[in-house]
1. If a residue has to be under 30 Å from SER83 (Cα atoms), among the hydrophobic types (A, V, I, L, M, F, W, C) and open to solvent by 20 Å² or more (accessible area, probe 1.4 Å) to count, how many in the range 119-165 make the cut?
2. With the requirement that a residue be within 30 Å of GLY76 (Cα to Cα), among the hydrophobic types (A, V, I, L, M, F, W, C) and outside any loop (DSSP other than H, G, I, E, B), what does the range 18-55 give you?
3. Could you check the range 1-17 and list, in sequence order, the residues that are within 15 Å of the chain's Cα centre (by Cα) and in a helix (DSSP H, G or I)?
4. With the requirement that a residue be farther than 23 Å from SER14 by Cα and open to solvent by 10 Å² or more (accessible area, probe 1.4 Å), what does the range 86-112 give you?
5. Determine the pairs where a residue that is in a helix (DSSP H, G or I), located within the range 103-122, has a partner that is charged (D, E, K, R) with Cβ atoms under 7 Å apart, the partner being 6 or more residues away or on another chain.
6. Scan the range 181-224 for residues that are touching a residue at least 24 places away in the same chain (Cβ under 8 Å), small (Gly, Ala, Ser) and assigned to a helix (DSSP H, G or I) and jot them down.
7. Return yes when ASP147 is of a type in the set (D, E, K, R), within 12 Å of the chain's Cα centre (by Cα) and either part of a loop (DSSP other than H, G, I, E, B) or under 21 Å from PHE77 (Cα atoms) (or both) and no when it is not.
8. Using the structure shown, decide if VAL142 is out of contact with any Gly (no Cβ under 6 Å at 6 or more places or on another chain), touching a residue at least 40 places away in the same chain (Cβ under 8 Å) and in a loop (DSSP other than H, G, I, E, B).
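The values are calculated or read from the model by the stated rules, or taken from the named source; none is laboratory data. Nothing here was measured: the structure is a model prediction, and the numbers come from that model. Backbone-built Cβ (ideal geometry, glycine too); neighbour counts: all protein chains shown. Ligands, DNA and RNA are excluded from the accessible area calculation, which covers all protein heavy atoms including side chains. Shrake-Rupley method; radii C 1.70, N 1.55, O 1.52, S 1.80 Å.
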Amino acid sequence: MNVFMVYAYEDPTSFGAAMHNRLLSNLEKNGHSVVVSDLYASGFHAVAAKWDFVVSGGAHEDYLLEQGRAARSDTGFAEDIKSEIIKLRSADMVIFEFPLWWSAPSAMMKGWFDKVFAMGVVWDGNHRYEKGLMRGKQALVVSGVGDSQTLYNTEGVHGATLEQHLYPLLHSTLAHAGFDVLKPFFATGLTEMGEDERSTTLVDLEMHISNALSEPVFIYKHEL
């Protein structure tokens with residue numbers, strides 16, 4: 001399987017980095033072809049702007065329409081965006097790794113979605129959800145969360161599950177683009193997690209990816 005890992009943790013000594021390294025090792029050990037975009041290490045510019053395109057379509061550009069125009073040309077996108085699109089299109093599975101910030105992907109990851117999940121690349125007016133342009137590909141979210149799992153339910157302080165908090169990403173972004181969305185993995189309670197719990201969480205993560213590859217559980221699955 002061709003796996004594309006989009007990785008958005010800045011600190012190489014963080015637990016997010018440890019999760020990434022465990023995932024990468026497991027995938028390569030099991031013979032999968034893996035490509036990684038390390039957004040911080042590569043200096044990815046997360047702010048959507050006119051320099052994302054080789055040539056602007058006009059003096060008063062509409063970013064969405066500029067994306068659609070660029071998608072119709074092999075040379076429309078700037079090289080940093082074009083390279084990410086090539087990786088995306090070549091993948092069978094895409095793994096998105098990021099810390100949870102305000103019930104959403106961190107700014108670096110959100111910026112990657114804004115720029116790379118372009119109109120004409122992953123969706124357009126006639127290609128959404130079961131007709132999305134990423135149809136047939138799988139998506140897996142792996143996220144680090146500061147608060148305990150016990151706080152993420154209808155009775156907890158946050159009033160909803162983590163999957164419900166990430167509905168805009170899981171449903172309105174990934175499923176919208178046509179991805180079959182695997183059950184996410186959340187490493188929770190990181191603020192107070194000890195070394196033994198970290199080790200257990202890494203084992204759980206390795207089991208999660210193994211199950212995702214052999215007996216996948218989807219939260220959104222488009223019928224072929």
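1. Total satisfying the criteria: 3.
2. VAL34, VAL35, VAL36, TRP51, PHE53
3. GLY16
4. Answer for the range 86-112, where residues must be farther than 23 Å from SER14 by Cα and open to solvent by 10 Å² or more (accessible area, probe 1.4 Å): ILE86, LYS87, ARG89, SER90, ASP92.
5. Pairs that qualify, where the first residue is in a helix (DSSP H, G or I) and the partner is charged (D, E, K, R), are LYS115/ASP52; VAL116/GLU84.
6. Hits for the range 181-224 are SER210, ALA212.
7. No: the conditions fail for ASP147.
8. no
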